[in-house]
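Below you'll find the structure, written out as structure tokens, and then a few comments.
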Amino acid sequence: MRIAEELGVDAEIVLYQKSPPDRTELAWLVAHLADPPTDLVRRDNLFKKLGIDAADVQTPEQVVDIIAKHKMLMQRPVVVCGDQVIIGRPKERVRDLLSS
């Protein structure tokens with residue numbers, strides 16, 4: 001949000017825990033993601049605890065399925081600008097997207 005303010009860009013913040021994307025929204029995000037779809041899935045302790053491995057998130061459909069079932073596995077922040085979607089890490093990527 002701070003980067004958007006610095007650049008004078010209007011931004012809408014969606015708190016994914018309170019308003020998680022549904023399957024349709026997830027599919028749209030994955031389809032427009034500039035990064036490989038599998039990058040949208042966090043590989044953290046929850047990923048391991050759930051017994052998920054890389055083979056479970058290889059395709060866009062698998063990514064949508066996993067995130068729809070386990071919203072906490074969605075990498076964040078996800079930044080949408082028009083039809084462009086990026087994972088906002090490192091934060092310089094956000095600046096590059098919003099200033100183009």
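What's the angle, to the nearest 10 degrees (0 to 90), between helix 60-69's Cα axis and the longest principal axis of the chain?
Tilt of helix 60-69: around 90 degrees.
Whole number in Å², please: accessible area per residue of the chain, 1.4 Å probe, ligands, DNA and RNA not counted.
On the way: 6570 Å² over 100 residues.
On a per-residue basis, 66 Å².
To the nearest 10 degrees, how steep is helix 23-32 against the longest Cα principal axis of the chain, on a 0 to 90 scale?
60 degrees
Calculate the dipole size of the chain relative to its Cα centre from +1 charges on Lys and Arg beta carbons and -1 charges on Asp and Glu beta carbons; express the result in debye to the nearest 20.
For the chain, the charge dipole is close to 480 debye.
Could you please tell me the mean projected area of the C-alpha convex hull for the chain, averaged over all directions and given in square nanometres to one decimal?
Values: hull surface 25.4 nm².
The number I arrive at for the chain is 6.4 nm².
Which percent of the accessible area of the chain is formed by carbon and sulfur heavy atoms (probe 1.4 angstrom)?
Working: 3350 of 6570 Å².
After summing per-atom areas, the C and S share lands at 51 percent.
Take L46, project a point 7 Å from its Cα along the Cβ direction, then tell me which residues of region 65-100 have their backbone nitrogen under 16 Å from it.
Within reach of a label on L46: 65-78.
Would you mind calculating the gained length between D39 and Q17 on full extension (0.36 nm times residue separation, minus the Cα-Cα distance), in nm to one decimal? Write out the running numbers ahead of the final one.
Numbers: separation 22, 0.36 × 22 = 7.92 nm, distance 1.90 nm.
In short, 6.0 nm is gained.
The values are calculated or read from the model by the stated rules, or taken from the named source; none is laboratory data. Note that this is a predicted model, so its numbers are computed, not measured. Because the Cβ atoms are built from the backbone with ideal geometry, glycine has one as well, and the counts that use them run over all protein chains shown. Keep in mind that these areas ignore ligands, DNA and RNA; they rest on the heavy atoms of the full protein, side chains included. Shrake-Rupley method; radii C 1.70, N 1.55, O 1.52, S 1.80 Å.
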